[in-house]
Amino acid sequence: MCAEHRPPARASRQAGVTLVELIVFIVIVGIAVAGILMVMTTTTQRSADPMIRQQAQLIAESYLEEVLLKPVLDPSSGTNRICPAPETSRGAYDNVCDYYNLTNTGAIDQLGNPISGLDRYSVSVTVVPSPANPTAPVSLHTLSNDYVNNLIRVMRVEVAVTPEDSPSLTVRLAGYRTNYNCNATGNAGCLALLP
């Protein structure tokens, strides 16, 4: 009889990973985790920035709206002039030029009262043309000032709000206030800026 034929024995292999594969895996996972942690750290550190920027934006919009709602001509001046001496308090401001070079540390409402919780913002307002720069060029589309004929038709107002803790987040808004009373030479509202 013949002996039973058996196939040659193969070397048995264990399932698993080599040391090199394990080290490569650990390095890749370590790099991925480090990247995720860096993103989380940066996000956490900057999480207040959008709120600070939004608050600065809202403060700037509030100031700009307040200024642009005022008339160009001073209604309390006996001669109804443009840019006479400003009133003594912000609650009494009655024309655009009164806001020239206004600076507040902390947001303040239009009556001069500090706004709670917004004391860490500084606000500055500039108006052009102004008594300090009476012939500064300002134009809005086809509307411009004619300083030779004392036609002040348009004024540019800029509000800058800077958070005390984040000066790089300064928000600047600009708007234009037109003088509806000055369309042509001889109109009653066409007056020169006061020196």
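Sub-7 Å Cβ pairs linking a first residue in the range 168-195 that is over 13 Å from ILE82 (Cβ atoms) and of a type in the set (D, E, K, R) to a second residue that is surrounded by 13 or more Cβ atoms within 10 Å (Cβ to Cβ) and modelled with pLDDT of 80 or more, at least 6 apart or interchain, are ARG172/GLU158; ARG172/ALA160, ordered by first then second residue. Within the range 166-183, the set of residues being more than 16 Å from TYR121 (Cβ to Cβ), surrounded by fewer than 19 Cβ atoms within 10 Å (Cβ to Cβ) and in contact with a strand residue (DSSP E or B) (Cβ under 8 Å, 6 or more places away or on another chain) comprises ALA174, GLY175, TYR176, THR178, ASN181.
Out of PRO129, PRO86, one residue alone is in contact with an Asp or Glu (Cβ under 6 Å, 6 or more places away or on another chain) and surrounded by 14 or more Cβ atoms within 10 Å (Cβ to Cβ). It is PRO86. Only one of the listed residues (GLY106, GLY30) is within 21 Å of the chain's Cα centre (by Cα) and modelled with pLDDT of 90 or more. That residue is GLY106. Contact annotation: residue pairs with Cβ atoms under 8 Å, 6 or more positions apart or on different chains, pairing a residue in the range 31-53 that is surrounded by 10 or more Cβ atoms within 10 Å (Cβ to Cβ) with a partner that is outside any helix (DSSP H, G or I) and modelled with pLDDT of 75 or more, are ASP49/SER166; ILE52/PRO163; ILE52/ASP165; ILE52/SER166; ARG53/VAL171.
Flag not set for PRO163, criterion: in contact with a strand residue (DSSP E or B) (Cβ under 9 Å, 6 or more places away or on another chain), of a type outside the set (A, V, I, L, M, F, W, C) and at pLDDT below 90. For the range 170-187, the candidate set comprises residues that are more than 17 Å from ARG53 (Cβ to Cβ) and part of a strand (DSSP E or B); within that set, the residue that is nearest to the chain's Cα centre (by Cα) is ALA174. Screening the candidates LEU169, LEU191 for the property of being in contact with a Lys or Arg (Cβ under 6 Å, 6 or more places away or on another chain) and modelled with pLDDT under 85 yields one hit, LEU191. If you go through the range 119-152 and keep only what is in contact with a helix residue (DSSP H, G or I) (Cβ under 8 Å, 6 or more places away or on another chain) and not in a loop (DSSP other than H, G, I, E, B), you end up with TYR121, VAL123, VAL125, VAL127, SER130.
Those residues that are acidic (Asp, Glu) and either over 26 Å from SER76 (Cβ atoms) or over 24 Å from the mean Cα position of the chain (by Cα) (or both), I need them from the range 109-147; list them, please. Within the range 109-147, ASP119, ASP146 qualify.
The values are calculated or read from the model by the stated rules, or taken from the named source; none is laboratory data. Since the model is a prediction, treat every value here as computed from it, not as a measurement. Don't worry about glycine lacking a Cβ; one is built from the backbone with ideal geometry, like all the others, and counts go over all protein chains shown.
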